[in-house]
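This report refers to the structure that appears directly beneath it.
The values are calculated or read from the model by the stated rules, or taken from the named source; none is laboratory data. Since we're looking at a predicted model, the values are computed, not measured. Because the Cβ atoms are built from the backbone with ideal geometry, glycine has one as well, and the counts that use them run over all protein chains shown.
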Amino acid sequence: MACTGCSSGADGKPAGCKSNGYCSTSGCNKLGVFDWLTGVPIPGGQQPFDGVEVRFKNTRKAFYRNTGLQLMPGDLVTVDAAPGHDIGMVSLTGELVRAQMERKKVSGETFDLRKVLRKSTQEDIDRWHEARKQEDGTMLASRQMVRDAKLDMKVTDVEYQGDGTKAVVYYTAEDRIDFRGIVRTMSDRFKVRVEMKQIGSRQEAGRIGGIGSCGRELCCSTWLTDFRSVTTSAARYQQLALNPQKLAGQCGKLKCCLNYELDMYIEAIKSYPSANAKLKTQQGIGAHLKTDIFTGKMWYGFKQPGGPFIMAGFPIDTVREILAQNKAGVEPEVDLNMVDPAEEKVKTPDYENVVGQDDLTRFDSKGRSGNKKRGRGGRDRRDRPQNAGASQGQREQGPRPEGQKDRGPRPEGQGRGDRGPRPERGPRPEGRGGGDRGPRPERGPRPEQGPRPEGQGSGDRGPRPEGHGGDRNRRNRGRGRRGGGDRPAGGGGGEAPKPPVA
(Lines give C-alpha, C1' and ligand atoms only; values in the text may rest on other atoms or scores of the structure.)
Protein backbone atom coordinates (compact mmCIF):
# COMPACT_ATOMS: atom_id res chain seq x y z
CA MET A 1 0.00 0.00 0.00
CA ALA A 2 1.39 3.38 -0.97
CA CYS A 3 0.17 6.94 -1.01
CA THR A 4 -0.36 9.07 -4.09
CA GLY A 5 3.04 10.69 -3.66
CA CYS A 6 5.05 7.52 -4.28
CA SER A 7 2.71 5.66 -6.63
CA SER A 8 3.27 5.41 -10.39
CA GLY A 9 2.36 8.41 -12.47
CA ALA A 10 0.23 8.68 -15.60
CA ASP A 11 3.22 7.76 -17.77
CA GLY A 12 3.85 4.56 -15.83
CA LYS A 13 7.10 5.71 -14.24
CA PRO A 14 7.46 5.42 -10.45
CA ALA A 15 7.37 8.78 -8.75
CA GLY A 16 9.43 7.73 -5.72
CA CYS A 17 8.76 8.50 -2.09
CA LYS A 18 8.50 12.27 -2.06
CA SER A 19 7.31 12.29 1.52
CA ASN A 20 10.68 10.84 2.60
CA GLY A 21 9.07 7.93 4.42
CA TYR A 22 6.35 9.94 6.17
CA CYS A 23 3.36 9.11 4.01
CA SER A 24 -0.16 9.59 5.24
CA THR A 25 -0.99 5.91 4.75
CA SER A 26 2.27 4.71 6.36
CA GLY A 27 2.56 2.30 3.44
CA CYS A 28 6.18 2.87 2.48
CA ASN A 29 7.56 2.97 6.01
CA LYS A 30 9.76 0.23 7.41
CA LEU A 31 7.82 -2.55 9.10
CA GLY A 32 4.50 -0.93 8.27
CA VAL A 33 1.30 -2.71 9.37
CA PHE A 34 -1.90 -2.56 7.33
CA ASP A 35 -5.06 -2.17 9.35
CA TRP A 36 -7.61 -4.55 7.87
CA LEU A 37 -10.26 -3.39 10.33
CA THR A 38 -10.31 0.17 9.04
CA GLY A 39 -13.93 1.23 8.52
CA VAL A 40 -15.41 -1.78 10.36
CA PRO A 41 -17.91 -0.49 12.95
CA ILE A 42 -17.43 -1.45 16.59
CA PRO A 43 -20.21 -3.59 18.11
CA GLY A 44 -22.65 -1.73 20.26
CA GLY A 45 -21.70 -1.15 23.86
CA GLN A 46 -17.99 -1.77 23.30
CA GLN A 47 -15.40 0.96 23.77
CA PRO A 48 -12.56 1.31 21.25
CA PHE A 49 -9.16 0.15 22.41
CA ASP A 50 -7.21 3.10 23.79
CA GLY A 51 -3.75 1.81 22.89
CA VAL A 52 -1.79 3.06 19.85
CA GLU A 53 1.41 1.93 18.21
CA VAL A 54 3.93 4.71 17.51
CA ARG A 55 6.87 4.32 15.16
CA PHE A 56 10.13 6.19 15.58
CA LYS A 57 13.36 6.22 13.58
CA ASN A 58 14.01 3.08 11.50
CA THR A 59 12.65 -0.07 13.21
CA ARG A 60 11.94 1.26 16.72
CA LYS A 61 8.30 1.03 17.81
CA ALA A 62 6.52 1.42 21.12
CA PHE A 63 2.98 1.27 22.53
CA TYR A 64 1.33 4.29 24.21
CA ARG A 65 -2.02 5.06 25.82
CA ASN A 66 -4.36 7.40 24.06
CA THR A 67 -5.99 9.98 26.33
CA GLY A 68 -9.08 10.68 24.21
CA LEU A 69 -7.44 12.10 21.06
CA GLN A 70 -8.76 11.38 17.58
CA LEU A 71 -5.70 9.72 16.11
CA MET A 72 -5.27 8.19 12.68
CA PRO A 73 -2.29 6.29 11.17
CA GLY A 74 0.22 8.81 9.90
CA ASP A 75 -0.39 11.50 12.54
CA LEU A 76 2.64 12.98 14.28
CA VAL A 77 2.20 12.85 18.04
CA THR A 78 4.19 14.05 21.03
CA VAL A 79 4.59 11.26 23.58
CA ASP A 80 5.92 11.13 27.10
CA ALA A 81 9.60 10.25 27.54
CA ALA A 82 11.92 10.00 30.51
CA PRO A 83 12.93 12.76 30.74
CA GLY A 84 11.31 15.20 28.28
CA HIS A 85 9.14 14.24 25.33
CA ASP A 86 9.62 12.51 22.01
CA ILE A 87 7.92 12.75 18.62
CA GLY A 88 6.79 9.81 16.54
CA MET A 89 4.27 8.73 13.95
CA VAL A 90 1.14 6.70 14.68
CA SER A 91 1.43 3.41 12.77
CA LEU A 92 -1.55 1.45 14.11
CA THR A 93 -4.75 2.10 16.06
CA GLY A 94 -7.79 0.12 17.14
CA GLU A 95 -8.18 -3.55 17.97
CA LEU A 96 -5.10 -4.62 16.05
CA VAL A 97 -2.97 -2.87 18.66
CA ARG A 98 -4.30 -5.31 21.26
CA ALA A 99 -3.24 -8.24 19.06
CA GLN A 100 0.19 -6.69 18.48
CA MET A 101 0.69 -6.22 22.23
CA GLU A 102 -0.14 -9.86 22.89
CA ARG A 103 2.22 -10.93 20.14
CA LYS A 104 5.02 -8.80 21.59
CA LYS A 105 4.21 -10.14 25.08
CA VAL A 106 3.35 -6.70 26.41
CA SER A 107 0.91 -6.36 29.28
CA GLY A 108 -2.65 -6.08 27.99
CA GLU A 109 -3.52 -3.29 30.43
CA THR A 110 -2.94 0.16 28.99
CA PHE A 111 -2.73 2.08 32.29
CA ASP A 112 0.89 0.89 32.61
CA LEU A 113 1.85 2.48 29.29
CA ARG A 114 3.16 6.00 28.77
CA LYS A 115 0.68 8.54 27.51
CA VAL A 116 0.32 10.41 24.24
CA LEU A 117 0.55 14.05 25.32
CA ARG A 118 -0.83 15.79 22.24
CA LYS A 119 -0.70 16.02 18.53
CA SER A 120 2.60 17.58 17.53
CA THR A 121 2.52 21.30 16.93
CA GLN A 122 4.61 23.10 14.34
CA GLU A 123 7.04 24.20 17.03
CA ASP A 124 7.54 20.59 18.12
CA ILE A 125 8.09 19.47 14.54
CA ASP A 126 10.66 22.22 13.85
CA ARG A 127 12.64 21.34 16.96
CA TRP A 128 12.48 17.66 16.01
CA HIS A 129 13.84 18.37 12.52
CA GLU A 130 16.70 20.44 13.94
CA ALA A 131 17.62 17.57 16.25
CA ARG A 132 17.56 15.03 13.42
CA LYS A 133 19.96 17.13 11.34
CA GLN A 134 22.62 16.65 14.01
CA GLU A 135 22.51 12.84 13.91
CA ASP A 136 24.98 12.32 11.04
CA GLY A 137 27.58 14.66 12.47
CA THR A 138 27.22 13.13 15.92
CA MET A 139 27.65 9.62 14.53
CA LEU A 140 30.88 10.50 12.66
CA ALA A 141 32.29 12.30 15.70
CA SER A 142 31.38 9.34 17.94
CA ARG A 143 33.22 6.94 15.66
CA GLN A 144 36.33 9.09 15.81
CA MET A 145 36.14 9.26 19.60
CA VAL A 146 35.74 5.46 19.84
CA ARG A 147 38.73 5.03 17.54
CA ASP A 148 40.85 7.34 19.66
CA ALA A 149 39.82 5.48 22.83
CA LYS A 150 40.80 2.16 21.15
CA LEU A 151 37.53 0.44 22.05
CA ASP A 152 36.53 -2.74 20.24
CA MET A 153 33.07 -1.52 19.21
CA LYS A 154 31.35 -0.14 16.14
CA VAL A 155 28.96 2.82 16.25
CA THR A 156 26.22 2.11 13.73
CA ASP A 157 23.56 4.76 14.32
CA VAL A 158 22.60 7.76 16.47
CA GLU A 159 19.03 8.78 17.26
CA TYR A 160 18.11 12.09 18.90
CA GLN A 161 15.04 12.52 21.04
CA GLY A 162 12.31 14.77 19.73
CA ASP A 163 13.12 17.64 22.10
CA GLY A 164 16.89 17.41 21.38
CA THR A 165 17.92 16.74 25.01
CA LYS A 166 18.93 13.08 24.62
CA ALA A 167 20.90 11.03 22.09
CA VAL A 168 20.86 7.23 21.87
CA VAL A 169 24.05 5.74 20.38
CA TYR A 170 23.60 2.25 18.91
CA TYR A 171 26.70 0.07 18.65
CA THR A 172 27.73 -3.52 17.98
CA ALA A 173 30.47 -5.40 19.81
CA GLU A 174 31.55 -8.99 20.31
CA ASP A 175 32.30 -8.65 24.05
CA ARG A 176 31.25 -6.41 26.89
CA ILE A 177 32.55 -2.84 26.59
CA ASP A 178 33.31 -0.46 29.45
CA PHE A 179 32.04 2.75 27.85
CA ARG A 180 31.61 4.87 30.98
CA GLY A 181 34.53 7.11 30.04
CA ILE A 182 33.42 7.56 26.43
CA VAL A 183 29.88 8.46 27.57
CA ARG A 184 31.15 11.32 29.70
CA THR A 185 33.31 12.55 26.84
CA MET A 186 30.37 12.51 24.44
CA SER A 187 28.06 14.29 26.89
CA ASP A 188 30.58 17.09 27.40
CA ARG A 189 31.10 17.55 23.68
CA PHE A 190 27.51 17.26 22.38
CA LYS A 191 25.85 18.95 25.41
CA VAL A 192 23.14 16.30 25.59
CA ARG A 193 22.42 13.23 27.63
CA VAL A 194 24.03 10.19 25.92
CA GLU A 195 22.72 6.64 26.21
CA MET A 196 24.62 3.68 24.77
CA LYS A 197 22.58 0.72 23.49
CA GLN A 198 24.08 -2.49 22.14
CA ILE A 199 22.35 -4.25 19.23
CA GLY A 200 23.09 -7.37 17.21
CA SER A 201 24.24 -7.71 13.62
CA ARG A 202 20.73 -8.42 12.37
CA GLN A 203 19.29 -5.41 14.17
CA GLU A 204 22.07 -3.32 12.63
CA ALA A 205 21.16 -4.49 9.13
CA GLY A 206 17.49 -3.77 9.86
CA ARG A 207 18.22 -0.22 10.97
CA ILE A 208 20.60 0.60 8.12
CA GLY A 209 18.82 -1.31 5.35
CA GLY A 210 20.21 -2.52 2.05
CA ILE A 211 19.66 -4.72 -0.99
CA GLY A 212 19.98 -8.48 -0.65
CA SER A 213 21.40 -11.00 -3.11
CA CYS A 214 17.88 -11.62 -4.41
CA GLY A 215 17.71 -8.02 -5.68
CA ARG A 216 15.04 -6.88 -3.21
CA GLU A 217 15.22 -4.80 -0.06
CA LEU A 218 16.23 -6.65 3.08
CA CYS A 219 13.41 -8.46 4.86
CA CYS A 220 14.61 -7.28 8.27
CA SER A 221 14.25 -3.65 7.20
CA THR A 222 10.81 -3.97 5.57
CA TRP A 223 8.53 -6.51 7.23
CA LEU A 224 10.44 -9.03 9.37
CA THR A 225 10.07 -8.22 13.07
CA ASP A 226 11.26 -11.34 14.88
CA PHE A 227 14.64 -12.90 14.17
CA ARG A 228 14.52 -16.68 14.53
CA SER A 229 17.70 -18.69 14.82
CA VAL A 230 19.03 -20.09 11.54
CA THR A 231 21.29 -23.17 11.57
CA THR A 232 23.23 -25.02 8.90
CA SER A 233 20.77 -27.93 9.14
CA ALA A 234 18.30 -25.77 7.19
CA ALA A 235 20.80 -25.66 4.31
CA ARG A 236 21.40 -29.41 4.53
CA TYR A 237 17.69 -30.21 4.31
CA GLN A 238 17.45 -28.06 1.17
CA GLN A 239 20.50 -29.76 -0.42
CA LEU A 240 22.46 -26.48 -0.53
CA ALA A 241 26.22 -26.26 -0.65
CA LEU A 242 27.65 -25.23 2.70
CA ASN A 243 29.39 -22.18 1.30
CA PRO A 244 29.49 -19.38 3.89
CA GLN A 245 29.83 -16.70 1.24
CA LYS A 246 26.54 -17.72 -0.40
CA LEU A 247 24.60 -18.57 2.75
CA ALA A 248 25.50 -15.38 4.66
CA GLY A 249 23.51 -12.18 4.33
CA GLN A 250 24.40 -8.51 4.68
CA CYS A 251 24.80 -8.89 8.44
CA GLY A 252 27.33 -11.71 8.13
CA LYS A 253 24.94 -14.27 9.65
CA LEU A 254 22.99 -17.02 7.90
CA LYS A 255 20.17 -15.66 5.75
CA CYS A 256 16.77 -15.51 7.37
CA CYS A 257 15.15 -16.74 4.15
CA LEU A 258 16.66 -20.21 4.71
CA ASN A 259 13.79 -20.82 7.13
CA TYR A 260 11.03 -19.76 4.74
CA GLU A 261 10.74 -23.04 2.78
CA LEU A 262 12.29 -25.35 5.36
CA ASP A 263 8.95 -26.82 6.46
CA MET A 264 8.04 -27.77 2.89
CA TYR A 265 11.39 -29.54 2.39
CA ILE A 266 11.02 -31.47 5.66
CA GLU A 267 7.51 -32.67 4.75
CA ALA A 268 8.66 -33.75 1.29
CA ILE A 269 11.75 -35.61 2.52
CA LYS A 270 9.64 -37.62 4.98
CA SER A 271 7.96 -39.44 2.09
CA TYR A 272 11.30 -40.31 0.43
CA PRO A 273 13.36 -43.44 1.17
CA SER A 274 16.01 -43.11 3.85
CA ALA A 275 19.24 -41.49 2.70
CA ASN A 276 21.27 -43.89 4.86
CA ALA A 277 20.14 -46.94 2.88
CA LYS A 278 22.55 -48.24 0.20
CA LEU A 279 21.59 -49.82 -3.10
CA LYS A 280 23.05 -53.28 -3.72
CA THR A 281 23.15 -54.03 -7.44
CA GLN A 282 25.18 -56.18 -9.79
CA GLN A 283 27.07 -53.06 -10.87
CA GLY A 284 28.17 -52.37 -7.29
CA ILE A 285 26.95 -50.73 -4.10
CA GLY A 286 25.51 -47.23 -4.44
CA ALA A 287 25.82 -44.62 -1.70
CA HIS A 288 23.34 -41.75 -1.51
CA LEU A 289 24.69 -38.38 -2.64
CA LYS A 290 21.76 -35.99 -2.96
CA THR A 291 17.99 -35.79 -3.37
CA ASP A 292 16.17 -33.55 -5.83
CA ILE A 293 12.61 -33.18 -4.60
CA PHE A 294 11.55 -31.06 -7.59
CA THR A 295 12.33 -33.75 -10.19
CA GLY A 296 11.63 -36.66 -7.82
CA LYS A 297 15.06 -38.25 -8.11
CA MET A 298 17.69 -39.63 -5.78
CA TRP A 299 21.33 -39.67 -6.87
CA TYR A 300 23.73 -42.47 -5.91
CA GLY A 301 27.42 -42.98 -6.52
CA PHE A 302 28.79 -46.35 -7.71
CA LYS A 303 32.46 -47.37 -7.56
CA GLN A 304 33.19 -50.54 -9.51
CA PRO A 305 36.41 -52.46 -8.92
CA GLY A 306 38.89 -51.32 -11.53
CA GLY A 307 36.37 -48.93 -13.06
CA PRO A 308 35.58 -45.23 -12.83
CA PHE A 309 33.25 -43.61 -10.32
CA ILE A 310 29.74 -43.30 -11.76
CA MET A 311 26.98 -41.02 -10.49
CA ALA A 312 23.48 -42.16 -11.42
CA GLY A 313 20.06 -40.73 -10.68
CA PHE A 314 17.01 -42.95 -10.17
CA PRO A 315 13.34 -42.07 -9.79
CA ILE A 316 11.81 -42.59 -6.35
CA ASP A 317 9.77 -45.60 -7.48
CA THR A 318 12.89 -47.30 -8.88
CA VAL A 319 14.75 -46.74 -5.61
CA ARG A 320 11.89 -48.30 -3.65
CA GLU A 321 11.88 -51.33 -5.95
CA ILE A 322 15.64 -51.86 -5.57
CA LEU A 323 15.43 -51.59 -1.78
CA ALA A 324 12.54 -54.09 -1.72
CA GLN A 325 14.56 -56.55 -3.79
CA ASN A 326 17.57 -56.07 -1.53
CA LYS A 327 15.45 -57.04 1.48
CA ALA A 328 14.52 -60.22 -0.37
CA GLY A 329 18.22 -60.94 -1.00
CA VAL A 330 18.20 -60.09 -4.69
CA GLU A 331 20.73 -57.79 -6.33
CA PRO A 332 19.08 -56.49 -9.51
CA GLU A 333 20.84 -55.26 -12.61
CA VAL A 334 20.36 -51.55 -13.25
CA ASP A 335 21.32 -49.16 -16.01
CA LEU A 336 23.78 -46.65 -14.57
CA ASN A 337 23.65 -44.54 -17.74
CA MET A 338 19.94 -43.97 -17.51
CA VAL A 339 18.92 -40.99 -19.61
CA ASP A 340 15.66 -39.14 -19.21
CA PRO A 341 13.41 -39.21 -22.28
CA ALA A 342 13.56 -36.01 -24.23
CA GLU A 343 10.51 -33.89 -23.69
CA GLU A 344 8.83 -32.55 -26.77
CA LYS A 345 8.68 -28.80 -26.66
CA VAL A 346 5.30 -27.48 -27.63
CA LYS A 347 5.69 -24.28 -29.57
CA THR A 348 3.16 -21.78 -28.36
CA PRO A 349 2.22 -18.81 -30.51
CA ASP A 350 3.77 -15.54 -29.48
CA TYR A 351 1.03 -12.98 -29.83
CA GLU A 352 3.22 -10.12 -28.62
CA ASN A 353 5.96 -10.66 -31.22
CA VAL A 354 3.99 -11.56 -34.33
CA VAL A 355 6.26 -10.25 -37.08
CA GLY A 356 9.53 -10.50 -35.16
CA GLN A 357 9.77 -6.85 -34.23
CA ASP A 358 11.32 -7.75 -30.87
CA ASP A 359 14.01 -10.00 -32.35
CA LEU A 360 17.52 -8.70 -31.68
CA THR A 361 18.82 -10.16 -34.96
CA ARG A 362 16.15 -8.67 -37.19
CA PHE A 363 18.70 -6.31 -38.81
CA ASP A 364 21.23 -9.10 -39.49
CA SER A 365 19.44 -10.48 -42.57
CA LYS A 366 21.73 -11.12 -45.55
CA GLY A 367 19.03 -11.24 -48.22
CA ARG A 368 18.78 -8.88 -51.19
CA SER A 369 16.16 -6.86 -49.38
CA GLY A 370 18.63 -6.03 -46.59
CA ASN A 371 20.30 -2.69 -46.08
CA LYS A 372 22.82 -2.69 -48.97
CA LYS A 373 24.43 0.14 -50.85
CA ARG A 374 22.68 0.80 -54.15
CA GLY A 375 23.72 2.80 -57.17
CA ARG A 376 21.94 5.62 -58.89
CA GLY A 377 19.67 3.34 -60.84
CA GLY A 378 18.59 1.34 -57.76
CA ARG A 379 20.78 -1.61 -58.72
CA ASP A 380 22.98 -3.31 -56.13
CA ARG A 381 26.62 -2.40 -56.63
CA ARG A 382 27.79 -5.70 -55.25
CA ASP A 383 25.79 -7.53 -57.96
CA ARG A 384 27.57 -5.66 -60.80
CA PRO A 385 30.61 -7.28 -62.44
CA GLN A 386 34.04 -5.76 -62.03
CA ASN A 387 34.14 -4.46 -65.64
CA ALA A 388 30.57 -3.15 -65.57
CA GLY A 389 31.81 0.31 -66.60
CA ALA A 390 33.28 -1.00 -69.83
CA SER A 391 31.31 -1.48 -73.01
CA GLN A 392 30.02 -4.80 -74.22
CA GLY A 393 32.64 -4.95 -76.93
CA GLN A 394 35.49 -4.42 -74.47
CA ARG A 395 34.20 -7.20 -72.22
CA GLU A 396 34.09 -9.63 -75.09
CA GLN A 397 37.54 -8.77 -76.47
CA GLY A 398 39.45 -9.58 -73.28
CA PRO A 399 42.79 -8.00 -72.35
CA ARG A 400 44.52 -5.86 -75.01
CA PRO A 401 48.10 -6.76 -75.89
CA GLU A 402 50.80 -4.37 -74.77
CA GLY A 403 51.47 -1.60 -77.22
CA GLN A 404 48.33 -2.12 -79.30
CA LYS A 405 46.72 1.23 -80.23
CA ASP A 406 44.48 1.03 -83.26
CA ARG A 407 41.22 -0.70 -82.40
CA GLY A 408 39.30 0.10 -85.53
CA PRO A 409 35.75 1.33 -85.74
CA ARG A 410 33.22 0.00 -83.30
CA PRO A 411 30.40 -2.21 -84.56
CA GLU A 412 27.10 -0.52 -85.10
CA GLY A 413 24.90 -0.42 -82.02
CA GLN A 414 27.68 -1.07 -79.49
CA GLY A 415 28.35 2.50 -78.48
CA ARG A 416 27.94 4.40 -75.26
CA GLY A 417 24.29 4.77 -74.32
CA ASP A 418 21.90 5.81 -77.09
CA ARG A 419 24.31 8.09 -79.02
CA GLY A 420 24.37 5.87 -82.09
CA PRO A 421 27.42 4.64 -84.01
CA ARG A 422 30.63 6.65 -83.79
CA PRO A 423 31.99 7.92 -87.17
CA GLU A 424 35.25 6.49 -88.40
CA ARG A 425 38.38 8.47 -87.66
CA GLY A 426 40.81 9.31 -90.33
CA PRO A 427 44.54 9.16 -89.92
CA ARG A 428 45.86 11.68 -87.45
CA PRO A 429 48.17 14.41 -88.65
CA GLU A 430 51.83 13.86 -88.14
CA GLY A 431 53.04 14.85 -84.72
CA ARG A 432 49.64 14.67 -83.02
CA GLY A 433 50.01 11.37 -81.19
CA GLY A 434 52.42 8.66 -80.20
CA GLY A 435 50.69 5.45 -81.31
CA ASP A 436 52.72 3.18 -83.65
CA ARG A 437 54.58 5.94 -85.54
CA GLY A 438 57.96 5.28 -84.01
CA PRO A 439 60.11 7.40 -81.71
CA ARG A 440 59.66 11.13 -81.52
CA PRO A 441 62.40 13.46 -82.65
CA GLU A 442 64.48 15.16 -80.03
CA ARG A 443 63.28 18.50 -78.80
CA GLY A 444 65.59 21.41 -78.63
CA PRO A 445 65.40 24.35 -76.25
CA ARG A 446 62.52 26.70 -76.84
CA PRO A 447 63.66 29.87 -78.56
CA GLU A 448 61.54 32.19 -76.43
CA GLN A 449 62.41 30.71 -73.06
CA GLY A 450 65.92 29.48 -73.43
CA PRO A 451 67.37 26.47 -71.76
CA ARG A 452 66.00 25.61 -68.35
CA PRO A 453 68.33 25.58 -65.33
CA GLU A 454 69.66 22.28 -64.21
CA GLY A 455 67.26 20.37 -61.94
CA GLN A 456 64.12 22.38 -62.87
CA GLY A 457 62.72 20.27 -65.70
CA SER A 458 63.42 17.67 -68.32
CA GLY A 459 64.52 19.46 -71.47
CA ASP A 460 66.03 16.70 -73.57
CA ARG A 461 63.95 13.73 -72.86
CA GLY A 462 65.49 11.51 -75.49
CA PRO A 463 63.70 8.94 -77.55
CA ARG A 464 60.60 7.54 -75.97
CA PRO A 465 60.33 3.73 -75.80
CA GLU A 466 58.00 2.01 -78.18
CA GLY A 467 54.41 1.78 -77.01
CA HIS A 468 54.91 4.21 -74.11
CA GLY A 469 52.97 7.04 -75.62
CA GLY A 470 50.17 4.74 -76.68
CA ASP A 471 49.65 3.58 -73.12
CA ARG A 472 49.42 7.13 -71.86
CA ASN A 473 47.05 8.14 -74.63
CA ARG A 474 44.95 5.11 -73.89
CA ARG A 475 44.73 6.15 -70.23
CA ASN A 476 43.87 9.71 -71.23
CA ARG A 477 41.15 8.53 -73.56
CA GLY A 478 39.74 6.29 -70.84
CA ARG A 479 39.57 9.24 -68.47
CA GLY A 480 37.89 11.34 -71.10
CA ARG A 481 35.28 8.69 -71.78
CA ARG A 482 34.60 8.34 -68.08
CA GLY A 483 34.17 12.06 -67.72
CA GLY A 484 31.64 12.27 -70.54
CA GLY A 485 33.45 12.10 -73.93
CA ASP A 486 36.73 11.75 -75.81
CA ARG A 487 39.56 14.22 -75.60
CA PRO A 488 39.80 16.80 -78.36
CA ALA A 489 42.03 16.10 -81.32
CA GLY A 490 45.66 16.87 -80.90
CA GLY A 491 45.72 16.14 -77.18
CA GLY A 492 48.30 13.37 -77.37
CA GLY A 493 51.16 14.45 -75.21
CA GLY A 494 50.66 18.22 -74.96
CA GLU A 495 49.10 20.28 -72.28
CA ALA A 496 45.33 20.41 -71.74
CA PRO A 497 43.58 23.45 -73.26
CA LYS A 498 42.91 26.24 -70.82
CA PRO A 499 39.29 27.33 -70.26
CA PRO A 500 38.33 30.68 -71.77
CA VAL A 501 38.58 33.70 -69.57
CA ALA A 502 35.22 35.17 -68.68
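Miscellaneous remarks
- Any hit, the range 224-236, residues being at pLDDT 90 or above and within 29 Å of the chain's Cα centre (by Cα): yes
- Meets criteria (in contact with a strand residue (DSSP E or B) (Cβ under 7 Å, 6 or more places away or on another chain), among the hydroxyl-bearing types (Ser, Thr, Tyr) and surrounded by 16 or more Cβ atoms within 10 Å (Cβ to Cβ)) for THR291: yes
- Qualifying residues in the range 321-333 (those that are over 30 Å from LEU262 (Cβ atoms) and in contact (Cβ under 8 Å) with a residue 24 or more places away in the chain) - the one nearest to the chain's Cα centre (by Cα): GLU333
- Output for the range 119-137, where each listed residue is more than 20 Å from PHE49 (Cβ to Cβ) and basic (Lys, Arg): ARG127, ARG132, LYS133
- Taking the range 152-162 as the range and being assigned to a strand (DSSP E or B) and surrounded by fewer than 17 Cβ atoms within 10 Å (Cβ to Cβ) as the test, only LYS154 passes.
- Yes/no for ARG202 being touching a Lys or Arg at 6+ places or on another chain (Cβ under 7 Å), assigned to a helix (DSSP H, G or I) and not β-branched (Val, Ile, Thr): yes
- Any hit, the range 163-186, residues being assigned to a helix (DSSP H, G or I), among the aliphatic types (A, V, I, L, M) and without any contact (Cβ under 8 Å) to a residue 24 or more places away in the chain: yes
- One residue alone among LEU254, LEU279, LEU323 is of a type in the set (A, V, I, L, M, F, W, C) and under 17 Å from ALA235 (Cβ atoms), and that residue is LEU254.
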